[in-house]
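First the structure, which I've put down as structure tokens, then a few questions once you've had a look.
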Amino acid sequence: MAEAPKDDETTEVTRGSALRDTAEVAAGAMSGMATAGEATTESKPDAATTIAAAERLAANQDSYLRRKQLWMFDVLDDDGDGAVTPADTMQFAHRLARLTGHTEDSPRAQQLEATVNRIWHALVVKPAWVPDPERLAREQFVTVMANSVAETPDKTLQYIGVVTNLAFAMADEDNDGRVTRDDGLRLVTEVLRVKREHAEHAWSVMDSDENGYLGYPEILMAVTDFIISIDPQAPGNLALGRI
């Protein structure tokens, strides 16, 4: 994982604990999903079998997870051509870098790019859940997301933590371990393209103690909720536009 924004040992313990705790949430989210079939150690299924099983799992997942996955697709489909590609994910990374004051060739931005590329390979290319691992149409994107949560939860949680850590470090310009309201609203509206009124609602949900800033554990748990939780009232689900 990328280096944390602060060197404070207590902060590191809190971050690690927050990420470990999300594994239990992931297990709960998976309980309502259909399984893709029992694994076998005798032989590896052919591509058609793997794809068919992945599509069945996606079709039988929780409908609320599907709605959120389609929302993520729209955020990532940067050029609006109806597909998410590695180039689209790079544009997302570049948009985050620019809005946090980092040039595309800065160490932080390059680290984010490398991480996004690794995630694409680990969750799209290697599992072979879709026919074309370089171009995901809407339903193929849903298939990847559904199977990532259900079939590789540990890996999915790991990457949630890595990306959130990097994004937080880029947004926390003064390295004080927190993101202010103004910066948070700007990132949500301009990077995630959430409407302003929804972004303000998101902040009110996340900043429950009304101290005007968010720390890393709060943001990590919200992002994790959004990816894996099937509870519409979970803070992360309430935050991003009331999907």
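Among H94, H102, rank each residue by its count of other Cβ atoms within 10 Å, from fewest to most, as a rough exposure measure. Intermediate values should be presented prior to the final figure.
On the way: H94 17, H102 21.
Lowest to highest Cβ neighbour count: H94, H102.
Short version: ³J(HN,Hα) in whole Hz for each residue of segment 167-176, in order, from phi by Karplus 6.51 cos²θ - 1.76 cosθ + 1.60 (θ = phi - 60°), x for Gly and Pro, what are they?
Here the 3J(HN,Hα) series is 4, 5, 4, 6, 6, 8, 4, 8, 6, 9 Hz.
Related question: Want the number for E173 to Q91: 0.36 nm per residue separation, take away the alpha-carbon distance, what's left?
27.4 nm
Less than 16 Å apart at the alpha-carbon level, and either on another chain or at least 8 residues along: which aspartates and glutamates does that give for K44?
E151
Give me P(r) over segment 46-239, computed from all C-alpha to C-alpha distances, binned every 5 Å, as integer percentages.
Final binned percentages: 1, 8, 15, 20, 21, 17, 10, 5, 2, 1, 0.
If you don't mind, another one. What FRET efficiency, computed as 1/(1 + (r/R0)^6) with R0 = 22 Å and r the Cβ-Cβ distance, is obtained for T103 and D182, rounded to the nearest 0.05? Walk me through the numbers before you get to the answer.
Working: r = 22 Å, r/R0 = 0.99.
Result of the calculation: an efficiency of 0.50.
Further question on the same structure: Can you tell me the FRET efficiency between T49 and D74 if r is taken as the Cβ-Cβ distance and R0 is 35 Å, rounded to the nearest 0.05? Kindly include the intermediate steps, with their values, before the conclusion.
Details: r = 30 Å, r/R0 = 0.87.
Given R0 = 35 Å and the Cβ-Cβ separation, E is 0.70.
How much length, in nm to one decimal, is gained on full extension between E139 and S63, taken as 0.36 nm per residue of separation minus their Cα-Cα distance? Don't skip to the end; give the middle numbers.
Details: separation 76, 0.36 × 76 = 27.36 nm, distance 1.33 nm.
Extra length from E139 to S63 when fully extended: 26.0 nm.
FYI, it's all coordinate maths here, none of it is from the lab. Being a predicted model, the structure only gives us computed values, none of them experimental. With ideal geometry, Cβ positions are generated from the backbone for all residues, glycine too; neighbour counts draw on all protein chains shown.
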